[in-house]
Amino acid sequence: MSERTEISFDAALMMALRADAQKELDELPTSAQLKERYPDTSRWDERMATALQQKKKHRPVLKQLLVTALTLVLLAIGALAVSADFRKAVYTMIQKFLPIEMQLTYQVDGEPLERLPDGYSDHYVPDGFERDREQEFESAENFLHVYSSKESGKGYTVRCSIIQPGQQSSFDNEHTTYENVKVGDADATLGTSVGENGDTVYILSWEQGGVSNTIMGNISRDEIVKIAENVF
């Protein structure tokens, strides 16, 4: 059973920073590796040699310093904490270093959109797919469109909603592999997992113009991207 945790944005950020710092520490060479690389250290200052040999002993202090430094840098640019770029950076750290299922809740800077832009929709449907209007919903603020192909048995959904305070984003690193991609000029996150029937399932998420967009389905990666590029 996967572990599901709901935490605040600040808590998730701190967890990501600590994981990032630990990763950097783990990549440092061990004492044995240092001796192999530098067999003759007789000319070195004795205190430097001792510090290198006792590197592991000082790891907690170094870790604390790294986390503190990173936290101070991020606090200095705290005004960006609600921007799409900053959220993207945090999402990337979480996806890379925290292999658990979690949700992020964030605040929106300024006034959110009151409704989706006029005509905002998905404007490309792959051949053989039909829209299932009985399963969809639409409102001024969001919509969910459902598509399926009777011939192939595959399907996908398109969900778009205005970004509002308290909105959540979910990540499942235990079962999904994430990578950074582009949808037009926008940064996006593409998740890849395996469905119950063994099919590859993609989930593509990105933000543009105050709108959060997500496409998920067991269709091809190329088709997922093409659908995304025609959402406006």
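The values are calculated or read from the model by the stated rules, or taken from the named source; none is laboratory data. Remember, predicted model here, so these are calculated numbers, not experimental data. In this analysis, Cβ positions are derived from the backbone assuming ideal geometry, glycine residues included, and neighbour counts consider all displayed protein chains.
For the reader, a short list of remarks on this structure follows.
- Checking each residue in the stretch 150-173 for being charged (D, E, K, R) and loosely packed, with under 14 Cβ neighbours inside 10 Å picks out LYS150, GLU151.
- Among the candidates ASN213, ASN218, residue that is surrounded by 18 or more Cβ atoms within 10 Å (Cβ to Cβ), among the polar types (S, T, N, Q) and farther than 15 Å from ASP122 by Cα: ASN218
- Hey, MET102 part of a strand (DSSP E or B), of a type outside the set (Gly, Ala, Ser), modelled with pLDDT under 90 and out of contact with any Pro (no Cβ under 8 Å at 6 or more places or on another chain) or not: yes
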